[in-house]
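Q: Pasting a structure here, questions to come.
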Amino acid sequence: MFGIGTKELIVILILVLVLFGGKKIPEIMKGLGEGLREFRKASSEAQTEIKRLADDQPAPGDDADPIDAEFEDDAGEATSHHA
């Protein structure tokens with residue numbers, strides 16, 4: 001695991017216990033778990049969005065027309081609402 005042996009891992013765990021104390025470690029682990037959960041959720045949502053875009057399916061509530069689309073006037077000429 002990351003090139004860390006058993007002895008090094010034990011030393012690190014003892015240092016963490018000494019630095020933070022026994023009462024603080026569960027709080028740290030809870031925060032770490034919540035952070036990982038949020039990261040996984042965001043990663044999953046990003047993957048879903050990328051797959052949706054790759055399949056070219058509009059998202060629920062999205063219009064098919066882009067915001068910057070050019071519009072045709074009554075004469076059939078393409079005009080843009082940009083100044």
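Q: Modelled with pLDDT of 60 or more, among the aliphatic types (A, V, I, L, M) and either on the phi < 0 side of the Ramachandran plot or out of contact with any strand residue (DSSP E or B) (no Cβ under 6 Å at 6 or more places or on another chain) (or both): which single residue out of 46, 69, 75, 64 fits that description?
A: Sole residue among the options that is modelled with pLDDT of 60 or more, among the aliphatic types (A, V, I, L, M) and either on the phi < 0 side of the Ramachandran plot or out of contact with any strand residue (DSSP E or B) (no Cβ under 6 Å at 6 or more places or on another chain) (or both): 46.
Q: Select, from 19, 15, the only residue that is at pLDDT 85 or above, assigned to a helix (DSSP H, G or I) and surrounded by 10 or more Cβ atoms within 10 Å (Cβ to Cβ). Spell out how you get there, then give the answer.
A: On the way: 19 fails: surrounded by 10 or more Cβ atoms within 10 Å (Cβ to Cβ).
None of the other options fit; the residue is 15.
The values are calculated or read from the model by the stated rules, or taken from the named source; none is laboratory data. Since we're looking at a predicted model, the values are computed, not measured. As a convention, Cβ positions derive from the backbone with ideal geometry for all residues, glycine included, and neighbour counts pool all protein chains shown.
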